[in-house]
Amino acid sequence: MTTDLPVLTPKDFASDQELRWCPRCGDYSILAQFKKLLPTLGLPKEDFMVVSGIGCSSRFPYYVDTYGFHSIHGRAPAIASGIKCVRPDLQVWVITGDGDGLSIGGNHLMHAIRRNINLKIILFNNQIYGLTKGQYSPTSPIGKRTKSTPLGSIDNPLSPLSIAIGSEASFVARSVDVDTKHLSSILQRAAHHDGTAFIEVYQDCNVFNSGAFYYASKKGIKEDNIVYLEHGKPLIFGTERDKGIRVNEGNRLEVVALGRGISEDDLLFHDELAAEPSLAFLLARMRHPEFPEPVGVFRSVERPVYDVALEEQVTAALEQSGPGDLEALFNSGDTWTVE
Amino acid sequence: MSTDVAPSNDKRTEERDTIVIRFCGDSGDGMQLAGSQMTNVSAVFGNDVSTLPDFPAEIRAPAGSLAGVSGFQLHFSSNDIYTPGDEVDTLVAMNPAALKTNIADLKRGGTLIVNSDSFDKGDLRKAGYDSSPLDDEQLLAPYDVHKVEMNRLSRDAVDGLGLSPREADRCKNFFALGLVYWLYDRDPTPTHEWVNQKFAKKPEIAEANLRALQGGHNFGLSTESFRVHYRVPPAKLAPGKYRKITGNEAVAVGLATAAKLAGRPLFYAGYPITPASDILHELSRLKHFGVRTFQAEDEIAAMAAAVGAAFAGEFSTTATSGPGICLKGEAMGLGVMTELPMVIVDVQRGGPSTGLPTKTEQSDLMLAMFGRNGESPLPIVAAATPGDCFWMAQEAMRIAVEFMTPVILLTDGYIANGAEPWRIPEIEELVPIVAVHPTEANSPEGYQPYLRDDRLVRPWARAGTPGLMHRVGGLEKSDGSGNVDYDPHNHEHMSQVRAQKVANVAEAIPEQDVFGAPEGDVLVLSWGGTYGAVRQAVKTLVEDGRSVGHAHLKYLNPFPRNLAELLDGFQTVLVPELNLGQLVQLIRAQFLIDARQYNKIQGKPFRVSELVEAIESHL
């Protein structure tokens, strides 16, 4: 019962490990919001598990005093899936990055999401490989000059949210590392979602890719470059909240100025509950600078959860066949006796 | 029992000790089914049996082609037997391609039964024959040949059931089986039951197959072509209750047993791969044992999920084969580094790369030993026979849990698919594994995940245990606390501790036994699925009064603690392996002896005769 629990604070979730991220790394902000979140969930400390792969973000589990696994590159969703298969009662968070989750671990990420296994996945997207000191990542833009692309990247980047939605994600959201209030609300939503919750966080690597997301994080600039998604509300943005997103006659999205015959009612209204993922996908394709980039919950729908279904199958088998009997198992099929 | 055939006027019954029969035909001809039914009725009758299914990797290679030939060899006997047999007494060939690829294994004077309806121009061309081998008197002269029009006879047998000619033709394996049942005086009852159960929803197909079976039987009984039929009395196996079991079944049952006896659920993560998939199939049916199976997106994920479940605190396992074991290497290394218990089953097959997916080989031993980055030791055990897989799967789990380490269990395609009678154990014979999980901190500083006991084993806290929150990972860590630690001396210490812990397993496994001479001229040192052939070869020589011993290793890392002493007692140590020499290298390196090797790498098990010859060359 949660009422018997001692009241926990963010401090209770701080481990005794020295933080080893670069000064002013965006990871600090995400960690802070995460530690604020956990005490609000009504679970004892031991019921949390944080699993990561390899990369700067994947140091995360060391800094949270829960059960934690700093595993191998790209495999965190698979390791976490194994954990959930045997311990559906634990709340398992997966911490990954754009290289870890989308490059070496793309396959595992896609399949965890497809299964809708009850994992909360935070993908720190900084569009760069930080731990290996500055190579381009699967989310780096074309033309990006890095240590491994001195003449500019010729790799077309992918959108983490498009991947998630294409993998049939039941919960998809985006936030920004320094937008603490927003990030906090998104983490809260993810924690309460049944099934895989996938969150992309724009995270600033101030050493190898500084300012990659200034357009989305700097006060005075971001207002024109991001649009907050709210269920049932029109997509409005801009410092003066005078611009909106409309679906035009060609069924394409366009930016329009409010006024001069265009009212809020003409705009696209967000529906995170839409059974069909096309709207979420359309929103995920909105890229800076052509469009403001949406932040918030793109999609939140109910669908069968893998670890719950697995448990149900085990329970049903137990009810149908009774607890496994070794003698019956050994003696299945034709038997004969030698005197 | 089969009494209905006895008083036929011109049919004799002769008794035989042992028979090797091989069914071969196109992949679509149902030869695996015919072979396994013959195995079943022979086992139920009380013969000792040993089988060698041999099928192509392609599900449907072009019909009638040489590549598409599928075979099933069965050795059934009134004696204790160890192998599916070197030479074939009776060959059933359903088409020219099958005849061409198998006739060399039929012994002189052996019985050849061919489906003569399958020797038209097209069939002959596909098998690369210019003219029909059935007209080649020189080719067929050494054998007792029976040309049987199986297509026509099967159609006759099912006449009136409304089957299409194509459907009727598909019954011809049952016709062949019926003929063989008559030839070897088998009671078809288990097959009747199987057919009725299998085709319960298609009674007309069940009826057709049973009629074809009876048709084959009647054909043997009535045709003049067959003058003799044979009886192979039951074997004198150790008293007890038996069933037929394959290695893959036995691995699955063994793993489920280990968990059940420990009162724990079992987690199995796997990715479909030949010839390991049947382990996944078997375990997925055992949900009522608390078995949770997870078909992962790839081999890497299966291994990673197994590591995750072990960290959560449950009995965890995976199985694979061929290239799958390479893919698992990375996460296996994580299992070694985090010192978590799990069993990795490697059903070895021909390599490298995709290699020979459906053929057997023993070429993953070095990979099991050394196939991970860094110094990454783990215990390795190997099963000797299909039934032994049951015991070694439990041993692997016991060692994993007792020593907090991943353990590799090596089997191979031959014992995985091969079947033998398995004496069903009494529950009391089985020793439950005791898994201990701390519930309280083990030091004044709190829970220290790498604080070891006197065998260097670390504690296994289950996730969710209050007060024992801790982090593990792939980075090098301080002994005791488990905190990340790059100190040079710490790394050396930890490397040695991990190696020593695995070496300590030697104290927890049985000493190596030896069959035949306990010391003398030649010790034949083998491992894995070659047990049967090597044991039979050594037995033959021992009965001839030769000074030969046989030690069959089931524990490959660490070796049994008395192995050095045992090797010392022989002038020559000969290591036969189905690879180019892997155990022999380990033996040479560890014991500094001039161990000799005998190798075969054809995707097929050893023949007893070639082993006898190889051993004799060292006497």
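All of the numbers you see were taken from the coordinates with simple rules; none came from a lab. Bear in mind the structure is a predicted one, so any value in this text is a computation, not a measurement. Here the Cβ is made from the backbone with ideal geometry for all residues, glycine too, and neighbour counts use every protein chain on show.
Some observations on this one:
- Cβ-based charge dipole, the protein assembly as shown, positive-most Cα from B:Asn442, A:Pro141, B:Val88: A:Pro141
- Pairwise FRET efficiency - A:Ala257 versus B:Glu58, Cβ, R0 = 60 Å, nearest 0.05: 0.40
- Residues A:Lys181 and B:Ala564, FRET efficiency given R0 of 51 Å [Cβ-Cβ distance, rounded to 0.05]: 0.15
- Sparsely packed loop sites in segment A:272-323 (the GluC sites (Glu not before Pro) outside DSSP H, G, I, E and B with at most 14 other Cβ atoms within 10 Å) comprise A:Glu290, A:Glu302.
- Averaged over residues, the count of other Cβ atoms within 10 Å places the peptides A:108-116, B:609-617, B:199-207 in the sequence A:108-116, B:609-617, B:199-207, highest first.
- For trypsin sites (Lys or Arg not before Pro), the sites in segment A:126-231 that DSSP calls loop and that have at most 14 other Cβ atoms within 10 Å are A:Lys133, A:Arg145, A:Lys147, A:Lys218, A:Lys219.
- Between B:Asp130 and B:Leu221, the contour length at 0.36 nm per residue exceeds the Cα-Cα span by 29.3 nm.
- Each DSSP beta bridge with both residues in segment B:515-616 is either parallel or antiparallel, and the antiparallel ones are about 10%.
- Flagged links, alpha-carbon separation over 19 Å, of A:Lys35/A:Lys222; A:Lys219/A:Lys243; B:Lys198/B:Lys359; A:Lys45/A:Lys120: A:Lys35/A:Lys222; B:Lys198/B:Lys359
- On Cα atoms only, tilt of B:31-45 relative to the major axis of chain B in degrees: 80
- Extending 7 Å from the Cα toward the beta-carbon at both B:Thr439 and B:Arg166 defines two label points whose distance is 6.6 nm.
- Only beta bridges with both residues in chain B are counted; by DSSP, about 35 percent of them are antiparallel.
- Rounded, prolate or oblate (a/c below 1.5 giving rounded, otherwise prolate when a/b exceeds b/c) for segment B:2-231 by Cα gyration tensor: rounded
- Angle in degrees between helix A:106-115 and the longest Cα principal axis of chain A, rounded to the nearest 10: 70
- Each helix, a run of at least 4 DSSP H residues, gives -39500 (n - 2.57); summed and divided by the residues of chain B, these come to -10500 deg cm²/dmol at 222 nm.
- Spacing of the two label points (7 Å from each Cα toward its C-beta) at B:Asp156 and B:Val431, in nm: 6.2
- Within the protein assembly as shown, percent of DSSP bridges classed antiparallel, to nearest 5: 35
- Shielding value for A:41-48 is 3, the average number of Cβ atoms from other chains within 10 Å of each residue's Cβ.
- In this label model, B:Asp479 and A:Arg24 are separated by 4.4 nm, measuring between points 7 Å along each Cα→Cβ vector.
- Net charge of neighbours whose Cβ lies under 10 Å from the Cβ of B:Gln602, counting Lys and Arg as +1 and Asp and Glu as -1: +2
- Dipole of the protein assembly as shown, positive direction: furthest Cα of A:Leu268, A:Tyr62, B:Ala533, with charges on the beta-carbon: A:Leu268
- Remark: the Cα gyration tensor places segment B:515-616 in the oblate category, a/c being 1.5 or greater and a/b not exceeding b/c.
- Of the GluC sites (Glu not before Pro) in segment B:420-481, the ones in a loop by DSSP (not H, G, I, E or B) with at most 14 other beta carbons within 10 Å are B:Glu426, B:Glu440, B:Glu445.
- Peptide ranges B:484-490, B:52-58, A:161-167 listed from the most packed, as the mean C-beta count within 10 angstrom indicates: A:161-167, B:52-58, B:484-490
- Those lysines that a straight Cα-Cα span of less than 25 Å connects to B:Lys501, excepting residues fewer than 8 apart in one chain: B:Lys328, B:Lys477, B:Lys554
- Helix B:488-504 and the long axis of chain B differ in direction by around 40°, with both axes built from C-alpha atoms.
- Computed from point charges on the beta carbon alone (+1 for Lys and Arg, -1 for Asp and Glu), the dipole magnitude for chain B about its Cα centre is near 1180 Debye.
- Between B:Gln597 and B:Val575, the built amide H atoms are under 5 Å apart, and every one of these is 5 or more places off in sequence or on another chain.
- Per-residue average of Cβ from other chains inside 10 Å of A:88-101: 1
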